[in-house]
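One structure below.
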Amino acid sequence: MKRASITIAVLVAVSVALVSCGSYNNPSTQQQSGSGLKFRAFVSNPLRPGSTGGTVPVLEVVDASQDKLSGFIVNMTGGGNQPGLMAVSPSKRFTVVFSALGNSVAVANNATEALAPTPSGAGSIPLPDSTESMVVGIDNATAYAAVRNAPVPGQPGVLGAVEVLTLSAGAITATIPIPNARYIVLSHNGNRMLVFGDNQNTVTVIAPSLIGTNTDPRTIVCPDGTPQPNLAACASTLNPVFDHPVWGIFSSDDSTAYILNCGPQCGGTSAGISVLDMTTNTAGAPVPVPAATIGLLSGSTLYVAGTPPGTVCSSGTAAPTCGTLDVVDLGSMTITGTAEITDGYHTHMEMGANGQLFIGARNCTNITAGGGNAGEVRGCLSIFSTSDSSVLIPPDNGDVTGIEPIPNRNVVYVVQNAELRIYDTTTGKLQSKQINITGQAIDVKLVDF
């Protein structure tokens, strides 16, 4: 990976765009229309039945204070006909929405509950391929998408990049080559971004402030935990501190990032947690854990979930394999508790009210009534109680594609198997009042403070 692989002219264009727009501002942003609700959640739904037949791609507008559909939608027609993955800007003024049909990103104006127009009139920003990880910068003007199969200009056969989307321009304004880039994590202050590539034993640190300058914004943290300007400068090591890293969690002050090494679950040797010093961009030897693909930091406790290959479940379930949730004390960097959860590749973890930790996976073992253990039904959602370490696995099949705790309420919204579910955190079970999304729910995001 060479510094010259980023086109400087393109990066300069990004800096000009950012200076000119400051933060993404649509002229109609100040108008309030549509539902008029002050506390909303959006649910992406590509298959809402149309009034005259067929289906319409929409974001359903949910009243998050009363758990009911508002009757209003954000019509995404022209902005990508399969709205799914969403990311909300820090200001909550807009939501970027990825459409898997056509691989494009559209921008929804949260205030007007309408698709924000692009200067080209296309309604969306095309990506070179699909993404499953994107974030919006703290400037509220720039989005970043990890595109694993993005071709790199000037490097035939090289795939993988972070695409920089300038929202006011409605276009990709820079391509940052990172082999097999798949996941992005942004620090709280927005000063650093971690990028993880499939089958890589490195972590790429990007400084967003350097995009648009003549300085390469990338620092490669090599397998041995040392920072280098490019991959070629990384020295080989027999004792790497990284083993297929896939995710990172920043400390509250952004001085440290806890890197999750997927290990055997991703074809490696050992899973663990590597501590990355964000001041020096150096990482130390990993603390072993059974598996690690997603995590959440709560105070001085780090919760880490994954599926160790071949881990047999305890009695009480017909599932042949199970995952693990490990509770790690950061003061001593030791595991203080372990719980059995569903298997699969864990991609979502959110803390709800009453210390209820919701953990979602994809490609888990589904048990259906009649084919399981005494009528057992289970899918890819686990709920861990941080107060007594008990685990509840709800009787619902399917992948979990969205989790959103509702602040100041005992409620968590979960999208599982294309359905929106509302859980009561006082019981860990579905509450009596549910919302029926007609079509196909994919993701859910709160869009108001």
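The values are calculated or read from the model by the stated rules, or taken from the named source; none is laboratory data. Here the structure is a predicted model, which means the values were calculated and not measured. As a convention, Cβ positions derive from the backbone with ideal geometry for all residues, glycine included, and neighbour counts pool all protein chains shown. Note: areas computed on protein heavy atoms with side chains; ligands, DNA, RNA excluded. Shrake-Rupley method; radii C 1.70, N 1.55, O 1.52, S 1.80 Å.
Collect residues whose amide H, placed 1.01 Å from N in the peptide plane, falls under 5 Å from the amide H of GLY248; neighbours closer than 5 in sequence don't count.
LEU260
Please sort 268-276, 330-338 by packing, taking for each peptide the average over its residues of neighbouring beta carbons within 10 angstrom, highest first.
Descending mean neighbour count gives 268-276, 330-338.
For THR336, put the label point 7 Å out on the Cα→Cβ axis and report which residues of segment 283-320 keep their amide N under 20 Å from it.
So the set is 287-291, 295-306.
Which of the lysines could be linked to LYS445 by a straight reach, that is with a Cα gap under 22 Å, when you skip same-chain ones fewer than 8 residues away?
Output for LYS445: LYS38, LYS68, LYS92, LYS429, LYS433.
LEU231 to ASP253: extension gain in nm, 0.36 nm per residue of separation minus the Cα-Cα distance?
Additional length available on full extension: 5.1 nm.
From the Cα gyration tensor of the chain, with a ≥ b ≥ c the square roots of its eigenvalues, which class applies: rounded if a/c is under 1.5, or else prolate if a/b is larger than b/c, or else oblate?
oblate
Carbon-plus-sulfur fraction of the accessible area of the chain, 1.4 Å probe, in percent?
That share works out to 52 percent.
Using a Gaussian network model of the chain with C-alpha springs under 10 Å, which one of VAL203, VAL62, VAL377 is most mobile by mean-square fluctuation?
With Cα springs under 10 Å in the chain, the top fluctuation among VAL203, VAL62, VAL377 is at VAL377.
Along segment 305-314, what does the Karplus equation 6.51 cos²θ - 1.76 cosθ + 1.60 (θ = phi - 60°) give for ³J(HN,Hα), rounded to whole Hz, x for Gly and Pro?
Result, rounded to whole Hz: 10, x, 10, x, x, x, 6, 7, 6, 6.
Over segment 398-449, average the accessible area per residue using a 1.4 Å probe and give it in Å², no decimals. Provide the component values of the computation, followed by the final result.
Values: 2170 Å² over 52 residues.
Here the residues of segment 398-449 average 42 Å² of exposed surface.
Excluding ligands, DNA and RNA, what is the solvent-accessible area per residue of segment 137-186 at a probe of 1.4 Å, expressed in Å²?
That works out to 29 Å² per residue.
Need the full-extension length gain, ASN149 to LEU430, defined as separation in residues times 0.36 nm minus the C-alpha distance. One decimal, nm. Spell out each step's value before the answer.
On the way: separation 281, 0.36 × 281 = 101.16 nm, distance 3.88 nm.
Result: 97.3 nm gained on full extension.
Leaving ligands, DNA and RNA out of it, rank HIS346, HIS188 by accessible area with a 1.4 Å probe, largest first.
HIS188, HIS346
Obtain the nm distance between the two label points defined at ASP129 and SER91 by a simple spin-label model: each point lies 7 Å from its Cα along the Cα-to-C-beta direction.
Rounded to a tenth, the inter-label distance reads 3.4 nm.
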